Amino acid sequence: MRSNVTQYDLIAPKSLDAVLQILADSPDRYTPIAGGTELMVGLGAGRLQSKKLISLWHLEELRFIEVTPDAIIIGAGTTFTDIRRHPVIAEEFSILAQAASWTGSIANQNRGTLGGNIVNASPAADSPPVLLAYDADLTLISTQGARTVPYRDFHLAYKETALEPYELLNSITISRNLSSYKTYIRKVGTRNAQAISKVAIAALARMNGNQIEDIRIGAASLREYPTRLAAAERALTGKTITPEVIAAARAAVLNEARPIDDIRSTAKYRAFVAANLLEEFLHTL
Ligand SMILES: Cc1cc2nc3c(=O)[nH]c(=O)nc-3n(C[C@H](O)[C@H](O)[C@H](O)COP(=O)(O)OP(=O)(O)OC[C@H]3O[C@@H](n4cnc5c(N)ncnc54)[C@H](O)[C@@H]3O)c2cc1C
């Protein structure tokens, strides 16, 4: 059943400080809304629990892309269109640009934000595997100040994160010191466009001759939240790629994956396709 919008209240303070103060004064009462492309679906379907929303959409303080010599810092309110169009992201963080380009439709990309994608914490979302592979850091802010959380520690359980009710995600930081890494990304969905993934892998690897010196594998739809495939990473680090090593990595993926059966796919399909995707990446190395 659709929601009755008259039961909902939306406020839009003019500054980030004002939003943080309201969150501090009334934790749990207001739910932040950025682009609204997740929350409005809930509203339409009559399952948006929070009746009080606080808008972040117009806050320029959250919508920026800053490039420093060592890192790129992306404001949580940056849209996928902003990301797709940014020259440094296109050049140096191509798998992030790729993930942004296949997130929903153009309308979604104009409105949906990177911060909303992360905090919404869907196991199937497109940007998390990339941010895991890049080993991004998140900056969380409140009236008490800022704290940094490695993105790999942000998700705690299904739809549970390290974010406190009085905090906002401010920005995402990715090191620029990644030029020696080879990258991979692939999303498997029902269609090439406008499909939520059945399974997706984003990965980075640095080679030393024939040996894998470092590898980071981010995955969607393999666990209850976006996750690194740590066992597969361990099976590959320091190894030369041989058929036996590929077989061990595949076995590690099948062992550590905890996918589910749902309307989009089956657990078995997801696990096997994830192993296939990893193998595809290893062949490119
Ligand atoms: C038709 C359609 C297709 C879609 N396709 C895809 C797809 O292919 N891939 C994909 O990954 N997603 C997809 N989505 C989901 C959605 O577009 C993305 O998750 C988007 O990034 C959400 O961002 P938003 O700004 O709209 O989030 P909102 O709906 O505004 O918020 C989502 C959640 O994040 C919280 N939040 C937002 N910003 C902050 C912040 N700065 N600090 C703290 N909390 C915050 C909100 O409180 C809420 O809980 C689709 C959605 C629709 C409707």
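The values are calculated or read from the model by the stated rules, or taken from the named source; none is laboratory data. Keep in mind that this is a model prediction, so the values were computed, not measured. Every residue, glycine as well, gets a Cβ built from its backbone with ideal geometry; the counts of neighbours run over all protein chains shown.
For region 142-158, the criterion of being part of a loop (DSSP other than H, G, I, E, B), within 14 Å of the chain's Cα centre (by Cα), over 25 Å from ALA230 (Cα atoms) and within 13 Å of the ligand (Cβ to nearest atom) is met by no residue. Consider ILE201 carefully, then state whether it is part of a strand (DSSP E or B), within 16 Å of the ligand (Cβ to nearest atom) and more than 17 Å from ARG264 (Cα to Cα). Against the criterion (part of a strand (DSSP E or B), within 16 Å of the ligand (Cβ to nearest atom) and more than 17 Å from ARG264 (Cα to Cα)), ILE201 does not qualify. A residue that is farther than 20 Å from ARG84 by Cβ and within 11 Å of the ligand (Cβ to nearest atom) can be found somewhere in region 110-120.
Only one entry of SER101, SER105, SER122, SER127 meets the criterion of being in contact with an Asp or Glu (Cβ under 9 Å, 6 or more places away or on another chain) and of a type outside the set (Phe, Trp, Tyr), and that entry is SER122. Checked against (1) crowded, with 16+ Cβ neighbours inside 10 Å; (2) more than 9 Å from the ligand (Cβ to nearest atom), LEU56 passes all but a single condition, namely (2).
Total residues in region 37-71 satisfying the condition of being within 16 Å of the chain's Cα centre (by Cα) and more than 20 Å from ALA107 (Cα to Cα): the figure is 0. Scanning region 242-267 for residues that are surrounded by fewer than 18 Cβ atoms within 10 Å (Cβ to Cβ) and at pLDDT 95 or above gives THR242, PRO243, GLU244, VAL245, ALA247, ALA248, ALA251, LEU254, ASN255.
Here region 69-103 is the region considered, the condition is being of a type in the set (Ser, Thr, Tyr) and free of Cβ contacts under 8 Å to residues at least 60 places away in the same chain, and the residue that is nearest to the ligand (Cβ to nearest atom) is THR103.
Within the set PRO13, PRO32, the sole residue that is surrounded by 15 or more Cβ atoms within 10 Å (Cβ to Cβ), near the ligand (Cβ under 8 Å from one of its atoms) and outside the structural domain of PRO165 (by TED's automatic domain parsing) turns out to be PRO32. Within region 163-181, being of a type outside the set (A, V, I, L, M), within 11 Å of the ligand (Cβ to nearest atom) and part of a loop (DSSP other than H, G, I, E, B) holds for GLU164, PRO165, TYR166, GLU167. Just one of the listed residues (GLY77, GLY42) is surrounded by fewer than 18 Cβ atoms within 10 Å (Cβ to Cβ) and closer than 16 Å to GLY116 by Cβ, namely GLY42.
Checking the stated criteria, ALA195 turns out not to satisfy the condition of being under 13 Å from the mean Cα position of the chain (by Cα) and either assigned by TED's automatic domain parsing to the domain that holds LEU114 or within 14 Å of the ligand (Cβ to nearest atom) (or both).
Of all residue pairs spaced 6 or more apart or on separate chains, those with beta-carbon atoms under 8 Å, a first member in region 250-261 that is in the same structural domain as ILE215 (by TED's automatic domain parsing) and of a type in the set (Gly, Ala, Ser) and a second member that is part of a loop (DSSP other than H, G, I, E, B) and buried (at least 21 other Cβ atoms within 10 Å of the Cβ) are ALA252/LEU229; ALA257/LEU222; ALA257/LEU229. In region 104-121, the residue that is nearest to ARG258 (Cα to Cα) out of those that are modelled with pLDDT of 95 or more and assigned to a loop (DSSP other than H, G, I, E, B) is ALA121.
Screening the candidates ALA90, ALA100, ALA18 for the property of being within 15 Å of the chain's Cα centre (by Cα) and not aromatic (Phe, Trp, Tyr) yields one hit, ALA100.
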